[in-house]
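Remarks on the structure that follows.
The values are calculated or read from the model by the stated rules, or taken from the named source; none is laboratory data. Note that this is a predicted model, so its numbers are computed, not measured. Heads up, the Cβs are rebuilt from the backbone with ideal geometry, glycines too, and the neighbour counts pull from every protein chain shown.
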Amino acid sequence: MKVTAVVLTGFLGAGKTTLLNRAIALRAQRAEENTGKLGIIVNELGAIGVDGDLLPRGAARQVELPGGCVCCILNEDLDRTVRDMLDAAPEIDTLIIETTGVAEPLPIVWALEEPSLAERVRVAAVVAVVDPTSFPAARAVSPTAEQQVEHADVVVISKRDVAAPAEVEAMRAAVRELAPAVPCVEGSLDERAAWLLDVLRDPELQRPVAAHGDVHDHAHGDGHGGVQAHGIDAVAVNVDELVDLEELEDALGELPREYLRVKGILWAVDPRTGSEVPGWIAVHRVGTRVSSERVGEPVGGGRLVALGPGVIEGPLRAGLARAVVSSE
């Protein structure tokens, strides 16, 4: 399996390091749930409670953090930083890359999708953190603030505890303007951190899921197109047919924004490879991003699981029907 990667972006002071710190602490509290290490790549170790000056000159630019996390300082070459980190800690199964506050996320995604990394890393999502109290000013002084939202798969609205209701609603409206299909995640800091950890930990496909059953405590619709961190619904369908992976990815990408997280393991053929030989494929959707990877044969056959506020089976089945090649 490839390492799951999330690009965490957001303008200066938006709260992405605060979110990351809380996610690290929460992950340490859930140590029994951790199956591998979490790799974190940042520009400054000091921002996450580690004094970079304590590292000897010339030493490996990695430190161990609580909860099975490894943190690394980003050097000028992202490709080399990621490869060195994964080589040094092969038990890493998930990766967060925190950008600088003035970075545009697309070049980082493009670097991760280069062949040298794409065989080892799967980009799960670009998550943009936005501060409703400062976003209008940031938007006025730098196009990067808008670009971070435009290229996000999910937007996390921070600082709800200090923002006025009118500021939060204006932030939602700005997201709808800049990225109409992109969902917003809200809630308390703990709830937002739990959501981020759930993105990194894929939905469990083995567990039975009742249609429209309440299975987690991290997100629901708020009536304004946002998703607050409380409870979500889940639906699951069995998939016995051979599917066209390209068509399925397109169909999953067109699901409504309420389908925050989709995961499936299916017997599929990918016409983009030029081969008609089918294989088992894991397909993922986080926010608006759809990705896939080859996997071993699952126990129990093919299936799709979707999570989000008010998700229902119909759109998931309709998208699947578009992609069916045969029932053999």
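Could you list, in sequence order, the residues of the stretch 245-262 that are over 17 Å from Val324 (Cβ atoms) and in contact with an Asp or Glu (Cβ under 8 Å, 6 or more places away or on another chain)? Within the stretch 245-262, Arg261 is the sole residue that qualifies. Return yes when Leu106 is farther than 18 Å from Ala174 by Cβ, without any contact (Cβ under 8 Å) to a residue 60 or more places away in the chain and surrounded by 19 or more Cβ atoms within 10 Å (Cβ to Cβ) and no when it is not. When the stated conditions are applied, Leu106 does not pass them.
Which one is farthest from Thr35 (Cα to Cα) among residues in the stretch 77-103 that are under 17 Å from the mean Cα position of the chain (by Cα) and of a type outside the set (A, V, I, L, M, F, W, C)? The qualifying residue farthest from Thr35 (Cα to Cα) is Thr99. Only one of the listed residues (Trp280, Trp267) is aromatic (Phe, Trp, Tyr) and under 12 Å from Leu304 (Cα atoms). That residue is Trp267. For the stretch 112-132, residues that are over 15 Å from Val185 (Cβ atoms) and buried (at least 19 other Cβ atoms within 10 Å of the Cβ) total 5. The strands (runs of 3 or more DSSP E) falling completely within the stretch 276-325 that include 1 or more residues that are more than 16 Å from Glu241 (Cα to Cα) and either of a type in the set (Lys, Arg) or modelled with pLDDT of 95 or more (or both) map to 279-286, 289-294.
Residues of the stretch 175-202 being basic (Lys, Arg) and surrounded by fewer than 19 Cβ atoms within 10 Å (Cβ to Cβ), which ones? Selection gives Arg176, Arg201.
Table: residues versus (1) under 20 Å from Gly302 (Cβ atoms); (2) under 18 Å from the mean Cα position of the chain (by Cα); (3) at pLDDT 95 or above.
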position	(1), (2), (3)
Asp222	no, no, no
Asn238	yes, no, no
Leu255	yes, yes, no
Tyr259	yes, yes, no
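Checked against the criterion of being farther than 30 Å from Gly39 by Cα, under 23 Å from the mean Cα position of the chain (by Cα) and touching a residue at least 12 places away in the same chain (Cβ under 8 Å), the candidates Val126, Val168 yield just one match: Val168. Applying the condition of being modelled with pLDDT of 80 or more and assigned to a helix (DSSP H, G or I) to the stretch 28-44 and asking which residue is surrounded by the fewest Cβ atoms within 10 Å (Cβ to Cβ) yields Gln29. From the list Pro278, Pro271, Pro309, Pro298, the lone residue that is within 19 Å of Pro180 (Cβ to Cβ) and of a type outside the set (S, T, N, Q) is Pro309. All of Ala47, Ala25 fail the test of being part of a helix (DSSP H, G or I), over 18 Å from the mean Cα position of the chain (by Cα) and at pLDDT 85 or above, apart from Ala25.
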